[in-house]
1. So residue 64 clears everything in (1) of a type in the set (S, T, N, Q); (2) under 23 Å from residue 126 (Cβ atoms); (3) assigned to a loop (DSSP other than H, G, I, E, B); (4) modelled with pLDDT of 75 or more except one condition, right? Which one?
2. Right, residue 115: in the same structural domain as residue 60 (by TED's automatic domain parsing), touching a residue at least 40 places away in the same chain (Cβ under 8 Å), under 24 Å from residue 51 (Cβ atoms) and surrounded by fewer than 17 Cβ atoms within 10 Å (Cβ to Cβ) or not?
3. Taking the conditions exactly as written (loosely packed, with under 12 Cβ neighbours inside 10 Å and among the aromatic types (Phe, Trp, Tyr)), does residue 99 satisfy them or not?
4. Going through region 67-112 one residue at a time, which ones are part of a helix (DSSP H, G or I), closer than 21 Å to residue 49 by Cα and polar (S, T, N, Q)?
Amino acid sequence: MFGPEDEQNLVNNHKYTLSLSSGGLYDLNKEQVTMSESKNHLWKYNEDKILKDIQDYVTSTYGSHYCGHNQDYRDIQTIDLMAAKDLAPGFCQANILKYGSRYGDKDGRNKRDLMKVIHYAMLLLHFDGHYSRKDNGLTEFR
């Protein structure tokens with residue numbers, strides 16, 4: 001993918017630039033960009049706006065009724081309990097099917113159902129080990 005010419009990639013809100021130095025070695029530079037600054041000409045289907053909506057939706061789930069109300073447990077979500085019993089991957093996959101199959105039937109073409117499908121797919125990527133965090137990320141919130 002990278003050649004002697006400079007190439008740019010936008011990954012996880014970072015712009016990566018690869019260039020060939022005068023000594024024949026490659027230099028990789030990383031620069032933070034915000035979604036509003038991303039001007040990826042390959043995205044012609046509003047992917048930047050969709051990613052922003054997904055980010056807003058996922059962020060909203062961390063303060064919702066799915067979290068514990070007691071001070072000692074407010075960082076624990078239902079999915080954490082499922083993960084503790086090794087049930088999270090199946091739970092996520094079932095919810096992808098649930099919200100995907102009801103899209104267009106319950107409440108019409110409900111954008112929220114699609115946000116849930118995407119969120120559960122993201123969680124499934126995590127719980128199936130494609131991305132991992134120490135102790136499911138729980139200590140990061142304390």
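1. (4)
2. On the way: in the same structural domain as residue 60 (by TED's automatic domain parsing): yes; touching a residue at least 40 places away in the same chain (Cβ under 8 Å): yes; under 24 Å from residue 51 (Cβ atoms): yes; surrounded by fewer than 17 Cβ atoms within 10 Å (Cβ to Cβ): no.
No, not satisfied.
3. Criteria not met by residue 99.
4. Answer for region 67-112, where residues must be part of a helix (DSSP H, G or I), closer than 21 Å to residue 49 by Cα and polar (S, T, N, Q): there is none.
So that you can scan it fast, the table gives a plain yes or no per residue for (1) at pLDDT 85 or above; (2) assigned by TED's automatic domain parsing to the domain that holds residue 124; (3) aliphatic (A, V, I, L, M); (4) under 17 Å from residue 116 (Cα atoms):
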{"residue": "51", "(1), (2), (3), (4)": "yes, yes, yes, yes"}
{"residue": "55", "(1), (2), (3), (4)": "yes, yes, no, yes"}
{"residue": "71", "(1), (2), (3), (4)": "no, yes, no, no"}
{"residue": "81", "(1), (2), (3), (4)": "yes, yes, yes, no"}
{"residue": "85", "(1), (2), (3), (4)": "yes, yes, no, no"}
{"residue": "88", "(1), (2), (3), (4)": "yes, yes, yes, yes"}
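The values are calculated or read from the model by the stated rules, or taken from the named source; none is laboratory data. Since the model is a prediction, treat every value here as computed from it, not as a measurement. Cβ sites come from the backbone with ideal geometry, for glycine too, and all protein chains shown count toward neighbours.
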